[in-house]
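The values are calculated or read from the model by the stated rules, or taken from the named source; none is laboratory data. Source: prediction; values computed, not measured. Every residue, glycine among them, receives a Cβ derived from its backbone with ideal geometry; neighbour counts consider all protein chains shown.
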Amino acid sequence: MKIILKLIILILPASFILMFFLLLTEDDSIIGADYRQFALPQFNLEELDGSSFITSSDLGDTYIINVWASWCITCRVEHPYLMSLNKKGIPVIGLNYKDEENDALEWLSKFGNPYKKIIHDYKGTLALDLGVTGAPETFLVNNGKIIAHYQGEINESIWSQVFIPVIKEKELF
Amino acid sequence: MIIEISHFLSILSTGLFFLVGSFSLSTSNTPYTSNLISRTYSHAFLFLLSSFLIYIWLAITDNFSVQYIANHSNSALPIFYKISSIWSAHEGSMFLWIFFLALWGFIFNINIKNTEVLKPKTIGVISLIIVGFLLFLLITSNPFITILPIAPLNGADINPVLQDPALAIHPPTLYLGYVGFVIPFACSLAFLINGDPSAKWEQLVNKWSVSAWVFLTVGITLGSWWAYYELGWGGYWFWDPVENVALMPWLAATAFLHSLSVSIKSSQLRTWTILLSITVFSLSLFGAFIVRSGIIDSVHSFANDPQRGLYLLAFIAVIIAASLSLFILRFSLIKPSGNIKTFSKQSFISINNIFFGTLIFSVMLGVVYPLIYEYLYDQKISVGAPFYNAIFIPIVILASLFLFFSVDSKWSRSINFKIFTKPIVLSLIFSVIITFAIHFVFKTNNVAILLSIFVGLLVIIRYLIEVSISLIFKKYLNPFSAIAHFALGLLLVSISFNSLLSTERALNIKINEFEEYKDLTIYFKDIRVRKGSNFDAVKAEFNIKDKNGNSFDLSPEKRRYFTRGQITTETAIHVSPLKDIYLTIGDQLEDGSWIVNVQINFLIRWIWFSACLMAFAGIVLVSTNRKSNI
């Protein structure tokens, strides 16, 4: 058999294996994660139950803002994880996005309420200022500044890969 | 406590398999060593078998001190699903995979006489592969880890999409197919190691290879059917990366069986046959790697763990490097005897090898290209149906044409090839007429579909004529070849009709309203919340009437499972011989209407039937005693 043919037979699988080695050892960055820092926009919106108005000063120093809606299926998938965050004592602020008050309240009574406070953003104005593209999205806020942001469902693995490094670095919570 | 016994038994079997492997590859054959190797292998297998049976017993008896069982099973499950929960995630399914690998070796071991020259080395190669995978299991993905001292009272639950009979049997069947090709692989290596060109490894592995091919065919078909009705994908094939990694070994195995038949008959194409046997098994391992390294996101992928991926990759690299180097070193051994004559059966099959090689390479490219692209440019792209259609349609049409003309060819004889024999002309006339009829009746100008139907019909009619001839004149006809190729024709025609006629539409319907789609009137009767044992469901009720006055109810569901919060769609399908009416519900819109997806799928059952028919052909071959060829 010609040398070239022998080489091809060896090199073809070898190159595939090398490629998979590179792919496996690659440091994969997570799509949807965003670490740009910017100030939390000013807002003055009703709470979901309509009891009072909330501004950013009512929320504490460090917290999570979670954008959700009762029409959002992924939010329902994400919901148990938010419940567990709440249990761990991490303050989660809900940003109810373009949702009917009754639908949202019913949703919470059915599945449980993981939120410390819920901002009712019926027209999506705050969400617009935050640059939200859809629900769910999650922001980490510290001293009036957004320091981490994730588009899509958060779960244990996203939490530990996107948020935990920032939390550890700044020694939050 | 019992779990430790199971753990210990599998460690013990690892050691014994290692002894068998290293001993058989380092000694020369004597009746004494052959006996020893065979017996020790059987003992090692019995240890592994006991370990596996104990594990099943622990799953049945809800032993939640075992971490894996606690995470994937639940005391409320029926026994059937308690057992199938073992292969619902990475560790357990790997255990099953290895068990099947050893099982094939064991059945081979007790069926083949010890006097067979190639047996000891074959068993040796199989043992070493088992050792590699057992070490992988024990080191990186140990299913025997316990939660002690306090075991949970109940388990987490099985992934809901896996709580389905088709899925309980789909993975085992597929695994049996994948690992079954270890027999031809190990035999071809044994042949190369032994270095005796007269040893007939090809005859030895024929039925074993066909059996593995049958399992692979059935496994893929089951997966396709399951994705259709359980995952709510609504079609039979999606070119999903993990479907593709099952398709590649199947294509390679099909080419291998063809090539094997030539090598058995005339010891030609031996290079092809050995290379293909290596390819089939390497592609099976590659499938395991893709699914278990988390390199691709898919319904099938298990948890992402680069360490596992690296181990598997390294092991596969060793296997491929060893087998290919051996192949190149011993290349002089496999001298073909004489040239292949034009228009002989051999010539057609060698062309077939090239067609299949192209298909495999294209699928491989479709699987890896997005990965390379993402690595280099950090952007996601997807290679979808248009790419595969562009490659598969012309090649399959060409290959089927070659098949059609090859029916008349003879082994090793350059027959005076006549294009205008009666059967050929007859099939051509019928196929042309029917294709034109289809062109006018269904008013289609889609050349790809019409051509596929045309060649499909050619193959079907040609084989029908062949079968009638053989029945009338009592002429011998290879049943395997006839049934499998007839099934291929049927598959082509069914797929063509399916893509020609099937339609779907997302409708917005409110309760108590009618909606028309094609010749169907869909009435949305009711929607209600239903509580299952471990899920909440929204169940919609529809009544559907067609033009012929048939009326039936369909109730698609959306479920949300408590333990994992996972949402699944339960499709509702009305089955009739020629078409399926397939309903899934989506979300509710702001105006109160619901999104309902309606599909009319033509001949989709025929696609699976054709695939089963192919598998049946294989069963016919394995169960007949005649030394048949493809």
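Annotations for the structure displayed:
- Filtered by the rule that a residue be touching a Gly at 6+ places or on another chain (Cβ under 9 Å) and over 25 Å from B:Leu589 (Cα atoms), segment A:115-138 gives A:Tyr115, A:Lys116, A:Lys117.
- Complete set of residues in segment B:326-357 that are among the hydroxyl-bearing types (Ser, Thr, Tyr) and either surrounded by 15 or more Cβ atoms within 10 Å (Cβ to Cβ) or within 12 Å of chain A (Cβ to nearest Cβ) (or both): B:Ser332, B:Ser344, B:Ser347, B:Ser350
- Test: residue in segment B:266-287 that is among the basic types (Lys, Arg) and surrounded by fewer than 22 Cβ atoms within 10 Å (Cβ to Cβ): no
- Residue among B:Gly21, B:Gly15 that is in contact (Cβ under 8 Å) with a residue 60 or more places away in the chain and on the phi < 0 side of the Ramachandran plot: B:Gly21
- In the set (1) under 30 Å from B:Asp536 (Cβ atoms); (2) touching a residue at least 24 places away in the same chain (Cβ under 8 Å), the condition left unmet by A:Phe173 is number (1).
- Taking segment B:151-181 as the range and being touching a helix residue (DSSP H, G or I) at 6+ places or on another chain (Cβ under 6 Å) and aliphatic (A, V, I, L, M) as the test, the residues that pass are B:Ala156, B:Ile158, B:Ala166, B:Leu167, B:Ala168, B:Leu174, B:Leu176, B:Val179.
- For B:Ser93, the requirement of being assigned to a helix (DSSP H, G or I), buried (at least 22 other Cβ atoms within 10 Å of the Cβ) and in the same structural domain as B:Ile147 (by TED's automatic domain parsing) is not met.
- Segment B:99-116 residues that are closer than 20 Å to B:Gly132 by Cα, paired with ones that are among the basic types (Lys, Arg) (beta carbon under 9 Å, 6 or more apart): B:Phe108/B:Lys119; B:Asn109/B:Lys119
- Residue match in segment B:526-537 (condition: assigned to a loop (DSSP other than H, G, I, E, B), polar (S, T, N, Q) and more than 37 Å from the chain's Cα centre (by Cα)): no
- Number of positions in segment B:538-568 that are away from every other protein chain (no Cβ under 14 Å) and assigned to a loop (DSSP other than H, G, I, E, B): 7
- When residues of segment B:569-621 are limited to those that are polar (S, T, N, Q) and in a strand (DSSP E or B), the one farthest from B:Leu222 (Cα to Cα): B:Gln588
- So B:Val245, is it within 13 Å of chain A (Cβ to nearest Cβ), buried (at least 21 other Cβ atoms within 10 Å of the Cβ) and in a helix (DSSP H, G or I): yes
- Among (1) in contact with a Gly (Cβ under 8 Å, 6 or more places away or on another chain); (2) surrounded by fewer than 19 Cβ atoms within 10 Å (Cβ to Cβ) - the single one B:Ala190 does not satisfy: (2)
- One residue from B:Leu103, B:Leu36 being farther than 27 Å from B:Phe289 by Cβ and either surrounded by 17 or more Cβ atoms within 10 Å (Cβ to Cβ) or modelled with pLDDT of 95 or more (or both): B:Leu36
- Filter result for the condition that a residue is within 24 Å of B:Ser93 (Cα to Cα) and within 14 Å of the chain's Cα centre (by Cα), over B:Val179, B:Val131: B:Val179
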